[in-house]
Amino acid sequence: MTVSQEFTLPPIRRNLNGRRKEKADVKRKVRVRPVDPVAMCGKGTTVTRLYRVDETTDQSRIHHLVFFDRHGWYCEHGKQCSAVRDVQKFTRSKP
């Protein structure tokens with residue numbers, strides 16, 4: 001079985017002196033949805049909270065699964081993923 005992953009990186013824009021131009025504002029939409037951790041991970045899971053994050057920009061769409069268990073918050077893409085911060089903001093703002 002072969003797994004392939006495709007992604008596109010935006011080209012780096014440079015001015016005449018070879019320096020990078022400032023980044024343009026990227027519109028980023030984030031949708032955070034809670035998911036049942038037992039249904040997704042199984043009965044023996046240590047995950048207490050699980051969220052699905054749909055991140056959409058002008059050029060791409062990325063799906064994340066953000067977990068909370070005894071190791072803390074982390075995404076399937078790593079602890080430094082921006083989706084982890086988005087979920088932490090989401091859970092703090094909930095009444």
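The values are calculated or read from the model by the stated rules, or taken from the named source; none is laboratory data. Bear in mind the structure is a predicted one, so any value in this text is a computation, not a measurement. So basically every Cβ, Gly included, is an ideal-geometry build from the backbone, and we count neighbours across all protein chains shown.
For the reader, a short list of remarks on this structure follows.
Yes/no matrix, rows are residues, columns are (1) in contact with a strand residue (DSSP E or B) (Cβ under 7 Å, 6 or more places away or on another chain); (2) modelled with pLDDT under 90; (3) exposed (fewer than 11 other Cβ atoms within 10 Å of the Cβ):
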residue	(1), (2), (3)
Pro10	no, yes, no
Arg19	no, yes, yes
Lys23	no, yes, yes
Pro34	yes, no, no
Gly42	no, no, yes
Leu50	yes, no, no
Gln59	no, yes, yes
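- Of note, Asp86 does not satisfy the criterion of being surrounded by 14 or more Cβ atoms within 10 Å (Cβ to Cβ) and either among the polar types (S, T, N, Q) or within 18 Å of Asp36 (Cβ to Cβ) (or both).
- Count of residues meeting criterion [at pLDDT 90 or above and at positive phi] in the range 66-78: 1
Here's the yes/no breakdown for (1) on the phi > 0 side of the Ramachandran plot; (2) in a helix (DSSP H, G or I); (3) among the basic types (Lys, Arg); (4) in contact (Cβ under 8 Å) with a residue 12 or more places away in the chain:
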position: Val32; (1), (2), (3), (4): no, no, no, yes
position: His64; (1), (2), (3), (4): no, no, no, yes
position: Gln80; (1), (2), (3), (4): no, no, no, no
position: Lys89; (1), (2), (3), (4): no, yes, yes, no
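- Some residue of the range 54-72 being small (Gly, Ala, Ser) and more than 17 Å from the chain's Cα centre (by Cα): no
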